[in-house]
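**Student:** Below you will find the structure I want to go over with you.
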Amino acid sequence: MTYDVVVVGLGGMGSAAAAALARRGQRVLGLDRYRPVHDQGASHGETRIVRKAYFEGSAYVPLLLRAYELWDELGLLTRNGGLFLGAPDSRVLAGSLATAQEWDLPHELLDAAEVHRRFPAFTPPGDTVALLERDAGWVSPEAAVGAQLERAARAGAELHHQEPVDAWEATADGVRVTTARGTYEAGALVLAPGRWAVDLLPEAPVPLRVEERRVHFFPGTAGDFAQERFPVWIWERPDGTVPYGFPDLGSGVKAAVHHSRLRPAAEWPGEDVGELLAPLLRGLGPRPLRTVDCTYTLTPDEHFVLGRHAAHERVLVACGFSGHGFKLTPVLGEALADLAVAGSTPHDLSLFDPCRPLRA
Ligand SMILES: Cc1cc2nc3c(=O)[nH]c(=O)nc-3n(C[C@H](O)[C@H](O)[C@H](O)COP(=O)(O)OP(=O)(O)OC[C@H]3O[C@@H](n4cnc5c(N)ncnc54)[C@H](O)[C@@H]3O)c2cc1C
């Protein structure tokens with residue numbers, strides 16, 4: 001057997017898994033269809049929010065605590081704070097507060113006036129409440145993928161870029177992976193193909209939906225949107241639409257729609273997003289300077305798909321990150337390495353069970 005583990009997909013998840021595996025002395029082959037740190041998948045666009053107060057579910061918090069340790073080890077996390085805003089009973093506000101209270105995460109609750117006093121660019125409607133998490137912030141997905149690939153290579157991983165995987169199969173004692181350039185045998189396989197999971201895992205029990213998303217970079221009043229005065233933020237509007245955004249790091253104030261019941265999130269042109277944000281950020285210019293496309297791979301319950309393949313013991317799957325997976329890439333890379341090397345992990349991954357019964 002030439003390799004211990006083949007990792008297919010070297011984006012956010014695969015690069016972290018390849019680094020974790022190689023650093024444990026595994027003979028790793030990583031394969032990706034594009035050049036390193038590309039903009040065709042889900043791990044590009046300057047910034048990703050990192051936070052611990054987690055309205056998506058309190059089961060994420062232990063993973064997030066470990067992810068923070070690993071981000072600090074990588075030296076890539078900027079803690080400029082996070083504001084999670086909405087009506088008191090909104091999912092974003094109430095859910096963030098519930099996890100912060102349950103896990104004793106440091107936080108403050110601010111009313112609209114106090115938000116504006118501390119962070120002048122924010123002008124929330126009067127009945128808005130915000131949870132401020134000082135420890136929240138952002139990472140650059142490009143920097144993170146680059147750093148993980150470098151770590152993997154430094155620890156001896158063989159990384160083949162621009163070599164798409166055409167097929168894989170389980171063998172008697174491992175796996176076989178085929179590309180146009182060769183056939184590779186390994187003891188285990190990690191499949192982290194992002195939005196292409198639908199091609200490599202056609203029979204996955206958890207249905208995946210790929211959605212286009214657009215992120216916009218707006219002009220903003222100089223100073224107020226600098227990261228010293230402007231935290232990352234997520235706002236649940238009264239109509240249920242959830243935009244989010246980042247400070248101006250030099251190329252504009254980034255903002256986008258995460259979810260909307262009004263129309264598919266992909267169908268929000270920049271001008272409409274500008275209009276949507278006007279009540280919260282009055283100093284933002286109405287039209288974006290530029291727009292970047294990206295994709296979400298969504299599961300029906302918006303929890304990830306991560307663990308052992310339903311039918312193949314030596315195959316691990318990592319996909320369906322539903323627009324909120326980047327912050328967890330270091331810890332999920334570690335968990336994938338645990339599963340590939342030791343067969344089990346101390347991390348509780350039950351929420352992400354690839355065999356959980358879900359309908360599209
Ligand atoms: C606009 C946007 C905003 C987001 N905001 C946040 C946020 O603020 N916080 C957060 O935590 N998360 C956020 N996310 C989610 C997060 O970025 C994703 O969950 C994460 O990047 C997914 O990583 P991945 O490795 O699954 O996919 P990718 O990074 O896309 O990697 C998949 C890789 O697989 C390769 N590949 C696919 N098929 C093959 C094949 N057959 N052979 C070889 N290689 C293959 C691809 O080339 C690619 O490199 C956001 C996502 C988007 C799109």
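Rule-based calculations on the coordinates, nothing more; no lab input. Keep in mind that what you see is a predicted model, and the values were worked out from it rather than measured. For neighbour counting, all protein chains shown are included, and Cβ atoms are generated from backbone atoms with ideal geometry for every residue, glycine included.
**Student:** Within a Cβ distance under 13 Å of residue 303, other residues only, what is the Lys/Arg minus Asp/Glu net charge?
**Tutor:** -4
**Student:** Okay, moving on. I'd like the distance separating the alpha-carbon centroids of region 187-210 and region 90-118, in whole Å.
**Tutor:** Value for the Cα centre distance between the two parts: 36 Å.
**Student:** Please report the antiparallel percentage of the DSSP beta bridges confined to the chain, to the nearest 5.
**Tutor:** 70
**Student:** What does the charge dipole of region 70-214 about its Cα centre add up to, to the nearest 20 debye, if the Cβ of each Lys and Arg holds +1 and the Cβ of each Asp and Glu holds -1?
**Tutor:** 400
**Student:** What's the whole-number percent of alpha carbon pairs in the chain lying beyond 29 angstrom?
**Tutor:** 39
**Student:** Positive end of the dipole of region 137-259, charges at C-beta (+1 Lys, Arg; -1 Asp, Glu), about the Cα centre: which of 188, 225, 253 has its Cα farthest in that direction?
**Tutor:** 225
**Student:** Before anything else, pin down the relative contact order of region 91-198: Cα pairs under 8 Å, at least 6 apart, normalised by residue count, whole percent.
**Tutor:** That works out to 14 percent.
**Student:** Now for a separate question. Using the charge dipole of the chain (Lys, Arg: +1 at Cβ; Asp, Glu: -1 at Cβ; taken about the Cα centre), state which of 208, 339, 76 has its Cα farthest towards the positive end.
**Tutor:** Positive-end residue among those listed: 76.
**Student:** Counting only other residues whose beta carbon sits under 15 Å from that of residue 89, what net charge do I get with K and R as +1, D and E as -1?
**Tutor:** -1
**Student:** Given the options 107, 197, 354, identify the residue whose Cα lies farthest towards the positive end of the charge dipole of the chain (+1 on Cβ of Lys, Arg; -1 on Cβ of Asp, Glu).
**Tutor:** So the residue furthest toward the plus end is 197.
**Student:** Calculate the FRET efficiency for residue 310 and residue 91 from the Cβ-Cβ distance with a Förster distance of 25 Å, rounded to the nearest 0.05.
**Tutor:** Computed FRET efficiency for residue 310 and residue 91: 0.25.
**Student:** Give, rounded to the nearest 20 debye, the magnitude of the charge dipole that the chain has about its Cα centre when Lys and Arg contribute +1 at Cβ and Asp and Glu contribute -1 at Cβ.
**Tutor:** Dipole of the chain, to the nearest 20 debye: 400 debye.
**Student:** Assuming 1.002 mPa s and 20 °C, estimate D for region 307-356 with Stokes-Einstein, Rh taken as the Kirkwood radius over Cα pairs, in µm²/s.
**Tutor:** Once the numbers are plugged in, D ends up at 189 µm²/s.
**Student:** By count of other Cβ within 10 Å, fewest leading, how are 178, 47 ordered?
**Tutor:** The fewest-first ordering by Cβ neighbours comes to 178, 47.
**Student:** Let me ask something else about it. Give me, ordered by chain and number, the residues 5 or more places off residue 309 or on other chains with an amide H under 5 Å from its own placed amide H.
**Tutor:** Residues meeting the criterion, in which the H sits 1.01 Å from N, are 315, 316, 317.
**Student:** Return the distance in nm (one decimal) between the two label points of a simple spin-label model at residue 358 and residue 134, each offset 7 Å from Cα along Cα→Cβ.
**Tutor:** 3.6
**Student:** I need 341, 145 ordered by Cβ neighbour count within 10 Å, fewest first.
**Tutor:** Result, fewest neighbours first: 341, 145.
**Student:** Now for a different question. Sort out for me the Cα centre separation of region 223-276 from region 1-38, rounded to whole Å.
**Tutor:** 33
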